[in-house]
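Read the structure below first, then the notes.
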């Protein structure tokens, strides 16, 4: 299912926002004109990744510091060892569209 979530200009550059699509919580990050979306809950301690700091294509979990790759969802350091889901994002005509599968966790 594709969902229009916001105008690109309404998303804060260099920070995350939490978006809910049904029961799925998603962390959306704008980095310039690019947008990435991953599962909002850290796979280690369930902290909100949308509240983490981003740099070099990674977001750091605000609770224990595990970095996650914003493209693959893979953890890049301990204590997290499991990836978080990644969601396709597209920017069209100045708006951000997010695709969430029916069976998304």
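A simple spin-label model places pseudo-atoms 7 Å from Cα toward Cβ; at residue 45 and residue 25 they are separated by 1.5 nm. Residue exposure proxy: 30, 36, 92, ordered by other Cβ atoms within 10 angstrom of their Cβ from fewest to most, comes out as 92, 36, 30.
Region 1-51 and region 60-105 have their alpha-carbon centroids 8 Å apart. Mean-square fluctuations from a GNM of the chain, with a 10 angstrom spring cutoff on Cα atoms, peak among 34, 23, 53 at 23. Multiplying the residue separation of residue 34 and residue 56 by 0.36 nm and removing their Cα-Cα distance gives an extension gain of 6.7 nm. Computed over the chain, the convex hull of the alpha-carbon atoms projects to a mean area of 5.8 nm². Normalised by the number of residues in the chain, the mean separation of alpha-carbon contacts (under 8 Å, six or more apart) gives a relative contact order of 28 percent. Distance between the 7 Å Cα→Cβ label points at residue 99 and residue 15: 3.0 nm.
May I ask you to list the residues of region 13-32 whose amide nitrogen lies under 20 Å from a point 7 Å from Cα along the Cα→beta-carbon direction of residue 1? Answer for this model: 18-28. As a proxy for reagent exposure, ranking 18, 4 by other Cβ atoms within 10 Å from fewest up yields 4, 18.
FYI, it's all coordinate maths here, none of it is from the lab. Only a predicted model underlies this, so the values are computations on that prediction, with no experimental measurement involved. Every residue, glycine among them, receives a Cβ derived from its backbone with ideal geometry; neighbour counts consider all protein chains shown.
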